[in-house]
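Written out below as structure tokens is the structure these notes cover.
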Amino acid sequence: MDGIRIAEYIFKTLRDREKNTVDIIASGNIKSMEDYKYLMGELSAIRSLQQDLRETLQMDDNDD
């Protein structure tokens with residue numbers, strides 16, 4: 001598996017997790033403030049990972 005396919009797989013996995021997390025938050029079925037904070041932290045981490053991966057791929061493009 002080459003680097004592009006790995007990156008595509010990671011992006012797809014992160015998008016799926018982001019969508020699931022947003023759906024849970026939007027559904028209004030959060031039982032406690034701790035659950036809400038956990039989900040918001042997870043969403044923040046997912047988005048940070050996506051941004052880090054984008055920046056890393058851009059650096060690779062600039063190296064060529």
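The values are calculated or read from the model by the stated rules, or taken from the named source; none is laboratory data. None of these values were measured; they are calculated from a predicted model. As a convention, Cβ positions derive from the backbone with ideal geometry for all residues, glycine included, and neighbour counts pool all protein chains shown. For the accessible areas, the whole protein counts, side chains as well, though only heavy atoms, and no ligand, DNA or RNA atoms are used. Shrake-Rupley method; radii C 1.70, N 1.55, O 1.52, S 1.80 Å.
Applying the criterion of being farther than 19 Å from GLU8 by Cα and charged (D, E, K, R) to the residues of the stretch 36-54, the residue that is surrounded by the fewest Cβ atoms within 10 Å (Cβ to Cβ) is LYS37.
MET33 meets the stated requirement of being open to solvent by 60 Å² or more (accessible area, probe 1.4 Å), modelled with pLDDT of 95 or more, more than 14 Å from the chain's Cα centre (by Cα) and not charged (D, E, K, R). Taking every residue in the stretch 41-64 that is modelled with pLDDT under 95 and pairing it with any residue that is of a type in the set (Gly, Ala, Ser), at least 6 positions away or on another chain, the pairs with Cβ-Cβ distances below 8 Å are LEU53/ALA7; LEU57/ALA7; ASP60/GLY3. State all residues of the stretch 1-28 that are open to solvent by less than 60 Å² (accessible area, probe 1.4 Å) and within 12 Å of MET40 (Cα to Cα); if no residue qualifies, say none. Once the filter is applied, which keeps residues that are open to solvent by less than 60 Å² (accessible area, probe 1.4 Å) and within 12 Å of MET40 (Cα to Cα), the stretch 1-28 yields GLU18, THR21, VAL22, ILE25.
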